[in-house]
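What follows is a single structure, written as structure tokens, with notes after it.
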Amino acid sequence: STSVRDRVEQLRTTITDHNHHYYVLDDPQVPDAEYDRLFRELQAREAEYPELATTTSPTQRVGSAVETNFAQVIHRIPMLSLDNAFSADELRDFDRRVRERLNRGKTAGESSTKEHSTEDHSTEGEGSKEERTIEYVCEPKLDGLAVSLHYQNGELVRAATRGDGYTGEDITANIRTIASVPLTLRGGDFPQTVEVRGEVYMPRAGFDRLNQRLGGRGEKTFVNPRNAAAGSLRQKKSSVTARRPLEMCAYSVAVSDESALPPTHWKGLQQVSEWGFRINPEMSLANGADQCLEAYEALMAKRDRLPYEIDGIVFKVNRLDLQQQLGFVSRAPRWAIAQKFPAEEELTV
Ligand SMILES: NC(=O)n1nc(-c2ccco2)nc1N
């Protein structure tokens, strides 16, 4: 009847909103008892009226014991890995290459990696426009698993691992069990097709609890949170994944209709946050290489106090038109670079 259908719709909207506040904003709106009561009422009504069932209901996050095989997914836009800078000088080189290439107005296009590393600098300074400062977004490099989420008409329809960058594994059933991954986009103002990429990771506290649970049952424990996240996403039963403390932070977005995106990466991430994704609170903006290096030092200093593991910082040219001009070299984007911290075990020696 319409009154039951209305009540079910209302429960779904309310519970989805409570989930967003609790899991994405870390700012619960109602006490747990109230939330549980609403959740149980929705489960009961859906059990009573199976014709009302829908995959986007918040009750569907509990996963199922049905085993899934991981079908292959071809990434429309390859998920390329990041080039690495191993020192401040190498970061400065990256920034200089970015500025020179933009000044030369050189088109992007595919170029061999050789050209990328031994670029001809003989024309350095000649004919280049005034020295320009590039604005970068500085993002903590979360040590988890890169995933790509596909939304059609605001509903999550497919999730895939990075794989080799060109084809990944379909892990939709497992991704749906992660509370900080929206099953439907919030608000109503989004393009028909949205692709959000980000990192799925396991916070340190959840990792420690999981290993205690596994160890206590005499099962094999995980070596680090990254392996735990990867192992949890590869579970063949999504009901097992549902019991793993996984979280996700979004770090890039692509849409079918480019005009729907703001002109910078930073604003794009704000947009993604309004659609219901978590974005990392440690992100910052920096003008030029010197401010990037300050961000690197500041983040390294607070690394051990973060509730999740990071293995470096990622700098991305903020303006999307400049990213477009810079393009990619066959292996990694020309517009981004990661700078890794010394491996933690080395530090503890
Ligand atoms: N792992 C991580 O946190 N990443 N990875 C990227 C990335 C990979 C390719 C382009 O951007 N960005 C962030 N914050």
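The values are calculated or read from the model by the stated rules, or taken from the named source; none is laboratory data. None of the values given here were measured: they were computed from a predicted structure. Quick reminder, even Gly has a Cβ in these numbers, built from the backbone with ideal geometry, and neighbours come from all protein chains shown. Keep in mind that these areas ignore ligands, DNA and RNA; they rest on the heavy atoms of the full protein, side chains included. Shrake-Rupley method; radii C 1.70, N 1.55, O 1.52, S 1.80 Å.
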- prompt: For the chain, what number of Lys pairs, 8 or more residues apart or on separate chains, have alpha-carbon atoms under 14 Å from each other?
  reply: 5
task: Over the chain, average the accessible area per residue using a 1.4 Å probe and give it in Å², no decimals.
output: 50
task: Calculate, axis by axis, the spread of Cα positions in the stretch 181-329 along the three principal axes, and write the results as whole Å, longest axis first.
output: 54, 40, 30
From phi via Karplus (6.51, -1.76, 1.60), per-residue ³J(HN,Hα) for the stretch 311-325 in Hz, x at Gly/Pro: 10, x, 9, 10, 10, 10, 4, 6, 6, 5, 5, 6, 4, 4, 5
message: Relative contact order of the chain, please, whole-number percent, based on alpha carbon pairs below 8 angstrom and at least 6 residues apart.
response: 26
query: With +1 on each Lys and Arg Cβ and -1 on each Asp and Glu Cβ, how big is the dipole of the chain about its Cα centre, in debye rounded to the nearest 20?
result: 960
- request: Place the peptides 167-176, 17-26 in order of packing, highest mean first, counting for every residue the other Cβ atoms within 10 Å and averaging per peptide.
  value: 167-176, 17-26
query: Rank Lys267, Lys220, Lys340 by accessible area, highest first, at a 1.4 Å probe radius?
result: Lys220, Lys267, Lys340
Estimated dipole of the stretch 11-98 in Debye, rounded to 20 [Cβ of Lys and Arg +1, of Asp and Glu -1, Cα centre]: 300
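Set the Förster radius R0 to 51 Å, insert the Cβ-Cβ distance between Arg132 and Ala44 as r into 1/(1 + (r/R0)^6), and round the FRET efficiency to 0.05.
That gives a FRET efficiency of 0.25.
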message: For Leu82, what residues show an amide H to amide H distance below 5 Å, using hydrogens built from the backbone and excluding near sequence neighbours?
response: none
Sites Asp290 and Arg243 - FRET efficiency at Förster radius 56 Å, r taken between beta-carbons, to 0.05: 0.75
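Rounded to the nearest 500 deg cm²/dmol, what is the calculated helix-only ellipticity per residue at 222 nm for the chain, with -39500 (n - 2.57) per DSSP H run of length n ≥ 4?
-10500 deg cm²/dmol
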message: With equal scatterers on the alpha carbons only and no solvent term, can you work out the Debye log10 of I(q)/I(0) for the chain at 0.13 1/Å?
response: -1.08
- request: Would you please classify the overall shape of the stretch 140-237 from the alpha carbon gyration tensor, given that a ≥ b ≥ c denote the square roots of the eigenvalues, rounded means a/c under 1.5, and beyond that prolate means a/b larger than b/c while oblate covers the rest?
  value: prolate
field: Of all accessible heavy-atom area on the chain, the percent that carbon and sulfur account for (1.4 Å)
entry: 51
- request: Starting from the Cα-Cα distance between Leu306 and Asp93, subtract it from 0.36 nm times their residue separation and give me the gain in nm to one decimal.
  value: 73.8 nm
- prompt: How long is the stretch 1-92 along each principal axis, judged by its Cα atoms, biggest number first, in Å?
  reply: 66, 35, 24
task: Mind checking the full-extension length gain between Asp321 and Ser64? Use 0.36 nm per residue of separation minus the Cα-Cα distance, one decimal, nm.
output: 88.2 nm
field: Cα-projected label distance for Lys267 with Thr54, points at 7 Å along beta-carbon direction, nm
entry: 3.2
- prompt: From the residues Leu233, Asn280, Asn318, which one has its Cα farthest along the dipole of the chain in the positive direction, the dipole being from +1 and -1 charges on Cβ of Lys/Arg and Asp/Glu about the Cα centre?
  reply: Leu233
task: Scan around Ile337 for amide H atoms under 5 Å from its own, H built in the peptide plane at 1.01 Å from N, and keep only partners 5 or more places away or cross-chain.
output: Phe315
task: Could you state, as a whole-number percent, how many of the C-alpha pairs of the stretch 209-297 are farther apart than 18 Å?
output: 63
query: What's the extension gain from Asp257 to Leu25 if we count 0.36 nm per residue and subtract their Cα-Cα distance?
result: 80.7 nm
- prompt: Considering the dipole of the chain built from charges on the beta carbon (Lys and Arg +1, Asp and Glu -1) around the Cα centre, which of Thr221, Asn174, Ala47 is farthest to its positive end?
  reply: Ala47
